[in-house]
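The values are calculated or read from the model by the stated rules, or taken from the named source; none is laboratory data. Please read all numbers here as calculations on a predicted model, not as lab measurements. When we count neighbours, we look across all protein chains shown, and the Cβ atoms used for this are built from the backbone with ideal geometry, even at glycine.
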Amino acid sequence: MKKFTYFIAALFMISACDSDLLDLESLTEPTDATFFSNEEELDLALTGVYNSLIWLGGYNLPVQVNMDNGATDIGLVRGGFSSFDELGAGSHSANSGGFLNVYTHMYRGIGRANNLINNLDRAADVVPAERLNQIKYEAMVLRAYYYHYLVFLFGDVPYTEDLIANPLDALLPRVDKDEIIDSLLADLQEAAQNLPATAGEKNRVFRDVALTLHSRIALYAGRFSEAATSSKAVIDGGNITLHPDYEELFTPQGEGSAEAILVMPFMDGFGTVPNFAVAQGSRNFGGYSVVVPTQSMIDSYEATDGLPIDESSVYDPTRPFDNRDPRLKASIITPQSEWGGIIFESHPDSLEVRNVDGTIRGRNNDSRKVIWPAAFCGYLWKKYTNVESQLQNRFWSETDFTIMRYAEALLNYAEAKIELNEIDASVHEALNRVRARAYGVPAGDTGSYPAVTSMDQAFLRTLIKRERKVEFANEGFRLFDIRRWNIAEKVVPVTLYGRILDQENAQFVPSIDEDGFVSYAGIESQYDRNTDARFPNAIRVFTNPRDYLLPIPQAEIDTYRANGATITQNPGGY
């Protein structure tokens, strides 16, 4: 029998836990013959299933952040970042290592879940049935989470709920993604009916995790009635609510918020921690600022009158950060804004950095004339860039990354009802709760924020696309959204611009269409272009229809072939 490495054939059989938690005999055996015999061992195995929630990519950032910045229109990275960077540049292939990492990581989590679920009965004589069921359904929800990434990134993929003992039996064919989605939604419905209404322990799966994931998968699959039903159940459940301060939500002070449904937890000294402070942070505090938002992201935030900037009477291109949706400055560090006690400025003529009190701090390392290329787009992500880590010159952050939060349930519900053309007060309420929170006011205070009242389906379709883009920026939703809306072929293949350097003389405003696409056609000269040899990925490439799916990793195809089996590749000539 040929040796299998870290591909699906081994991953379906992988031990229930990480090797540092449990030393089983080998990957060629499904499980130790005596394991899963008591509650402690089941808890260890379940911890292994949870561990797969933590998956990091380039610069030790959650892969979701890599997706937003490397492969979509809202972010940019400086060279050699990840396979999602290659995807954005159109240079990816079936041999791109990051795609294999995602593929194998998800199957590793699935293998752990299957191993646990299929061996629970070993402890039936010593563990109460209620506890066994809770463990089963937590693992079932996590398995669905791992599968949903595979389905919506790769399309048809191998699928099994069984524990596979023989490696050759793991060479499974690809299954139609709609069949897999059917199974995932059924599992999540069953889990939601059996899980407790609230989490018994911090960062554990409970009913609203199952329901929110159900709504996400159904929405992505275009099953709007199911998405509306499950997200409404979360809303009506009353167990979670919006955090009152949007900016704080993505800081250490926001951890433990009632808005968080499922998080990727990090703690110094307990395994891998992300490098947000390095990748996204200011160079004046030891960061590299290699992961940044684009000008089109900045231009996607509404003006305070609720209109896009190309329609607003309160938007002034010479003062582009005034009169804007507060989520702009809550998510992004803009020129002349305060950050960590300094005035952030990325203009190449700004050679010295000033403290907030006006005193000179020293050389401005965020200026392009000082250190190449520093804040090369002119902006920095504030979201998840822990200022405390920056101030202490730490190269890591222990801020939890939120995988699922209440705002998603609200916007999933609103979008599903809009697509069903079942627009009523509940849709307005869901939208307005999210929008009002951005302004720090109650949804009922409609005079203090741009409340939504329209009943027009076309208008609301445009609004929900804009709302998701700004609410979830830098959280990993954008790649999935532009694919399922079938707008990736329009919004991705463009030149990505940085800030306007001659802001005082700015005259023109980009046009923004019904899909939220920001076009700079005819006004390119206003913008500082990142198109020289240093930033080849500043020109996005998208091949339609090929790039609506990732390629099946070549290593996986080779593993099948070496063992006399076949797995097909996605179309596109990889």
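Side notes on the structure shown:
- Check on LYS490, basic (Lys, Arg) and touching a Gly at 6+ places or on another chain (Cβ under 6 Å): no
- Test: residue in segment 196-212 that is outside any helix (DSSP H, G or I) and touching an Asp or Glu at 6+ places or on another chain (Cβ under 6 Å): yes
- The residue that is surrounded by the fewest Cβ atoms within 10 Å (Cβ to Cβ), among those in segment 478-525 that are part of a helix (DSSP H, G or I), in contact with an Asp or Glu (Cβ under 7 Å, 6 or more places away or on another chain) and not hydrophobic (A, V, I, L, M, F, W, C), is LYS490.
- Of all residues making up segment 318-332, the number that are assigned to a loop (DSSP other than H, G, I, E, B), buried (at least 16 other Cβ atoms within 10 Å of the Cβ) and touching a residue at least 40 places away in the same chain (Cβ under 8 Å): 3
- Checked against (1) at pLDDT 95 or above; (2) buried (at least 20 other Cβ atoms within 10 Å of the Cβ); (3) in contact with a Ser or Thr (Cβ under 8 Å, 6 or more places away or on another chain), GLY281 passes all but condition (1).
- Residues that are in contact with a Cys (Cβ under 8 Å, 6 or more places away or on another chain), buried (at least 24 other Cβ atoms within 10 Å of the Cβ) and touching a residue at least 24 places away in the same chain (Cβ under 8 Å) number at least 2 in the following helices (runs of 4 or more DSSP H) confined to segment 32-120: 39-51.
- Qualifying residues in segment 391-426 (those that are closer than 17 Å to ARG223 by Cα and without any contact (Cβ under 8 Å) to a residue 60 or more places away in the chain) - the one surrounded by the fewest Cβ atoms within 10 Å (Cβ to Cβ): ASN421
- Test: residue in segment 127-149 that is among the aromatic types (Phe, Trp, Tyr), touching a residue at least 60 places away in the same chain (Cβ under 8 Å), within 26 Å of GLN554 (Cα to Cα) and assigned by TED's automatic domain parsing to the domain that holds GLU556: yes
- Residues in segment 381-398 that are over 18 Å from PRO62 (Cα atoms) and not charged (D, E, K, R): VAL387, GLN390, LEU391, GLN392, ASN393.
- All conditions but one from (1) without any contact (Cβ under 8 Å) to a residue 40 or more places away in the chain; (2) within 20 Å of ARG468 (Cα to Cα); (3) in contact with a Ser or Thr (Cβ under 8 Å, 6 or more places away or on another chain) apply to GLU429; the one that does not is (3).
- Pairs linking a residue in segment 507-523 that is aromatic (Phe, Trp, Tyr) to a residue that is not in a strand (DSSP E or B), with Cβ atoms under 6 Å and 6 or more positions apart or on different chains, are PHE508/ILE523; PHE508/GLN526; PHE517/LYS490; PHE517/VAL491; TYR520/PRO510.
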